[in-house]
Amino acid sequence: MAKITYSRTDGTSDTVDVPVGSTVMRGAVLNGVRGVVGECGGAGQCGTCHVFVDAGDADRVTPLHPLESEVLDTTAVPRRPTSRLGCQIPVGEELDSLEVKLPDYQLPPV
Amino acid sequence: MTGRPIVVVGGGQAGLQAALSLREHGFEGRLDVVCAESEAPYDRPPLSKRFLAGTAGTDDLTLRAPAFLDDRRISLVQDTHAVAVDRADASVALSSGGSLPYDRLILATGSTPRHLPVPGSAHPAVRVLRTVDDATRLRTKLQPGSRVVVIGAGFTGLEVSATARGLGCEVTVVEALDRVIARALSRPVSEHLLRLHRENGVRILFGRQVTALDGVPREAAVEVLLADGTRLPADVVVVGVGVRPETALAETAGLDVADGVVVDEHLRTGDPRIHAIGDCARFPDPAGTGSLRLESVQNATDQGKYVAAFLMGADAPGYTAVPWFWTDQYAAKLQIAGLTTGHDRCETDGDPASGRFSVRCYQGGRLLGVESVNRPADHIKARRELAALRAPAAAAAAAV
Ligand SMILES: Cc1cc2nc3c(=O)[nH]c(=O)nc-3n(C[C@H](O)[C@H](O)[C@H](O)COP(=O)(O)OP(=O)(O)OC[C@H]3O[C@@H](n4cnc5c(N)ncnc54)[C@H](O)[C@@H]3O)c2cc1C
């Protein structure tokens with residue numbers, strides 16, 4: 001179990017207990033965390049669970065996959081060096097807590 | 001429209017999304033979701049993929065935590081069928097004997113697999129795949145060396161074939177047409193999938209008709225008989241010949257049904273207090289003149305969102321979301337933006353042999369859709385491109 005904190009740019013945040021084997025995306029969607037969409041249900045194909053993981057935490061999570069990187073090139077808020085897809089960050093045994101920052105939006109504004 | 005009860009029939013992707021979006025739009029009235037299944041709303045796509053493979057469990061399928069639904073005051077009426085709609089009284093009768101009054105009713109009853117209309121199809125070795133229960137029972141039959149016959153080379157049939165190969169089963173697919181997913185995919189992508197299945201050791205028989213299933217009722221194995229006389233022995237037969245929309249409730253309520261509950265561009269049936277969404281709904285094609293009925297997570301969730309916005313008074317133009325779909329088979333992630341059926345020309349970008357390419361499909365010069373294999377960025381860009389193509393049409397329609 002890890003405590004995942006989802007922080008928004010308006011200063012609000014939610015902290016959720018996410019079980020080992022689940023992901024940063026599922027922890028948010030299951031519990032209705034505002035700011036994460038997860039349209040494709042975790043297939044790594046839609047780019048709507050975009051999160052930022054601080055550089056200092058980068059080696060505490062699984063590394064970036066090439067297809068994930070390709071999806072990150074298309075996110076609604078442009079990618080940064082710290083961008084990840086929440087669905088591609090599983091919660092492992094050793095992770096006790098993690099803070100991710102959420103972009104302002106996940107879908108292109110209409 | 002903020003205080004009166006809304007009833008949703010069907011706790012699948014579409015019904016759940018409608019309920020969640022109603023609360024997001026500030027709906028404060030009573031909100032009941034009647035669910036025939038005993039499980040809380042869950043995700044179906046993994047049933048033929050990770051769940052069937054055994055790498056995901058039931059917990060991984062749940063769409064929303066029960067505590068979150070409670071917090072939103074979304075009440076799930078589980079293990080209960082809606083059996084009749086009394087439109088004069090505006091209430092839904094339940095299999096439990098009770099009834100629920102509604103101000104607005106949303107039908108999200110989904111679809112059910114078609115069975116094979118041949119002798120012997122009721123044999124216990126003959127299965128379909130729709131529910132978590134179907135998947136749990138099918139999984140126990142997929143042992144190394146099991147002989148699996150899949151009838152129908154559609155999305156579900158091919159996903160089951162790929163998963164079954166991964167589990168070490170011997171897999172034969174029987175298809176009536178001459179290629180895989182013939183109705184929904186361009187030739188290059190269909191050929192690519194066929195190659196993948198063959199490389200992975202799946203035997204695919206094209207242009208063959210199943211005439212009967214022959215088995216002793218109490219024995220585990222069965223034989224699949226084909227019109228040309230071939231007999232295929234099988235430990236399990238998976239029938240993937242499509243679904244039919246679940247329209248029984250709408251029919252008994254006297255609503256218009258034609259391979260789906262017929263709705264207008266606001267996803268509203270002939271009765272303005274009743275809407276239909278998801279797999280069960282037949283709606284006007286926003287990009288054409290006819291009507292569509294789609295079976296996808298995108299369609300279910302976008303229609304759920306649309307109906308909630310519409311009911312909450314957004315003076316909304318009609319439903320125009322761009323369809324998209326995905327399927328995973330072996331290492332191939334295929335994503336489809338738009339609907340490519342009926343294209344007269346296609347362009348391939350990238351080399352299919354590399355396992356990463358996209359096919360752009362046109363009809364009379366107009367882009368219908370894009371199919372991408374392991375090229376997720378192409379897919380996301382194609383969705384935006386198709387949405388932009390639709391936007392001027394929608395704006396023009398709204399202006400008149
Ligand atoms: C094995 C499988 C794999 C799939 N893979 C993909 C994929 O990769 N990508 C994709 O986009 N889509 C996929 N789909 C399709 C997708 O899951 C469906 O399109 C989607 O679930 C439709 O949602 P829905 O809410 O309309 O219907 P459903 O999810 O079918 O939900 C309808 C619910 O209503 C209930 N119900 C029906 N009648 C009544 C009644 N009278 N009273 C109470 N309850 C009732 C049903 O029991 C059911 O629980 C897959 C489907 C299956 C079965």
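The values are calculated or read from the model by the stated rules, or taken from the named source; none is laboratory data. Fair warning: this is a prediction, and the values are worked out from it, not measured in the lab. Here the Cβ positions follow ideal geometry from the backbone for every residue, glycine too, while neighbour counts run over all protein chains shown. The protein model used for the area step is the full one, side chains on, heavy atoms only, and it has no ligands, DNA or RNA in it. Shrake-Rupley method; radii C 1.70, N 1.55, O 1.52, S 1.80 Å.
Filter region B:1-15 for residues that are at pLDDT 95 or above and either more than 15 Å from the ligand (Cβ to nearest atom) or under 23 Å from B:Arg87 (Cα atoms) (or both) and give the result.
B:Pro5, B:Ile6, B:Val7, B:Val8, B:Val9, B:Gly10, B:Gly11, B:Ala14, B:Gly15
Restricting region B:27-37 to residues that are within 19 Å of B:Leu249 (Cα to Cα) and among the hydrophobic types (A, V, I, L, M, F, W, C), the residue that is surrounded by the most Cβ atoms within 10 Å (Cβ to Cβ) is B:Val34.
Name every residue in region B:127-155 that is open to solvent by 20 Å² or more (accessible area, probe 1.4 Å), more than 10 Å from the ligand (Cβ to nearest atom) and not in a helix (DSSP H, G or I), in order of residue number. Result: B:Arg127, B:Gln143, B:Pro144, B:Gly145, B:Arg147, B:Gly154.
Scanning region B:373-389 for residues that are open to solvent by less than 10 Å² (accessible area, probe 1.4 Å) and more than 10 Å from chain A (Cβ to nearest Cβ) gives B:Val373, B:Ala382.
The numbered conditions (1) open to solvent by less than 20 Å² (accessible area, probe 1.4 Å); (2) in contact with a strand residue (DSSP E or B) (Cβ under 7 Å, 6 or more places away or on another chain) are all true for B:Ala40 except (1).
Candidates B:Ala258, B:Ala250: the one that is within 14 Å of the ligand (Cβ to nearest atom) and either in the same structural domain as B:Thr172 (by TED's automatic domain parsing) or more than 24 Å from B:Gly120 (Cα to Cα) (or both) is B:Ala250. How many residues are open to solvent by 10 Å² or more (accessible area, probe 1.4 Å) and out of contact with any His (no Cβ under 9 Å at 6 or more places or on another chain) if we restrict to region B:160-180? Counting residues in region B:160-180 that are open to solvent by 10 Å² or more (accessible area, probe 1.4 Å) and out of contact with any His (no Cβ under 9 Å at 6 or more places or on another chain) gives 11. Of all residues in region B:253-298, those that are under 18 Å from the mean Cα position of the chain (by Cα), open to solvent by less than 40 Å² (accessible area, probe 1.4 Å) and in contact (Cβ under 8 Å) with a residue 60 or more places away in the chain total 8.
One residue alone among B:Val189, B:Val171 is farther than 15 Å from B:Arg208 by Cα and touching a Lys or Arg at 6+ places or on another chain (Cβ under 8 Å), and that residue is B:Val171.
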